[in-house]
Amino acid sequence: MALFGSSEKKPEVKTEFMFDTDSTINQSTLAKDIKINGSLESTDYIDFSGHLTGTLKSSTINLKPSSYVKGTITADTITVEGEVDGDIQAKDIYIKSTAKIKGNIRYQNIDIQNGSIINADLFYSS
Amino acid sequence: MDENSTEMDENNSELASDESQSTPIDNDAKAVNIGSGVRVDGRIEGAETSDISGTLTGTLKSSNININSKGAFSGDMSGQEITISGSVDGEINSDDYLIVNNSANIKGIIEYASLQVSYGARIQGTLRHRGSVQSYTPVSNDEVKEDEINENQEGDQ
């Protein structure tokens with residue numbers, strides 16, 4: 001019976017957070033009520049849901065479904081779920097079904113989901 | 001030997017149903033198949049299915065178009081369901097859906113209703129969404145009926 005004594009203890013539950021607060025990644029989240037006129041720059045990760053007129057620059061940019069950007073976006077990796085009117089430049093671009101893009105797209109790798117509305121000039125560069 | 005073998009084939013055609021190669025069947029499927037290494041210049045219209053593994057230069061109008069990974073097309077193509085795995089230089093008009101696989105290499109103008117591009121595909125040129133662009137509608141008489149159906153969907157925009 002002593003053998004099973006330990007099984008009465010409840011296993012330790014680890015809570016998983018949406019993002020690791022201890023990690024070295026600087027993640028910025030901008031909510032959808034945020035409106036920016038000008039430029040937004042980061043070296044790591046931006047989760048953007050708001051409105052921006054101007055330039056957006058980061059390593060990884062996630063444009064959420066409610067986002068709207070008019071201007072220039074530069075990043076290594078961009079995921080577009082919202083609306084963009086302007087220039088996008090990235091190594092990897094993922095365009096999701098909710099995306100609406102107008103302008104120019106400069107890319108190395110592109111992935112487009114059906115449902116997205118794109119009226120743009122595409123420029124491939126190796 | 002050849003004569004004998006063809007006679008044999010004719011006699012055995014009912015039995016040897018597996019060897020469909022020896023009994024040519026009428027192509028009523030409106031299917032076009034350009035094999036790898038085959039070069040075609042010209043205009044293809046009224047096709048139901050077009051499978052291009054060779055090289056086609058000219059105009060292609062077909063409901064279903066497949067440009068396979070070895071296939072190369074240059075010119076204007078229009079259809080409902082188009083899948084590109086090879087290379088295309090020119091104009092693509094898709095009424096329904098356009099699938100661009102990762103091996104694809106496209107240069108030119110793409111007009112689409114629904115577009116899916118796999119990571120790794122190369123596209124150089126202009127993308128136009130059907131619902132968004134009213135001014136640009138190169139419609140031939142054959143395709144008017146399908147376009148009317150599409151216009152209902154465009155109304156949602």
For the range B:81-115 the number of residues that are over 13 Å from B:ILE65 (Cβ atoms), among the small types (Gly, Ala, Ser) and part of a strand (DSSP E or B) is 3
When restricted to A:ASP76, A:ASP44, the only residue more than 26 Å from B:GLY131 (Cβ to Cβ), modelled with pLDDT under 95 and more than 10 Å from chain B (Cβ to nearest Cβ) is A:ASP44
Taking the range B:106-125 and the residues there that are touching a Lys or Arg at 6+ places or on another chain (Cβ under 8 Å) and surrounded by fewer than 18 Cβ atoms within 10 Å (Cβ to Cβ), the one that is nearest to the other protein chains (Cβ to nearest Cβ) would be B:GLN124
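The values are calculated or read from the model by the stated rules, or taken from the named source; none is laboratory data. Just so you know, these numbers come straight off a predicted model, no measurement behind them. Please note: Cβ atoms are built from the backbone with ideal geometry, for glycine as well, and neighbour counts cover all protein chains shown.
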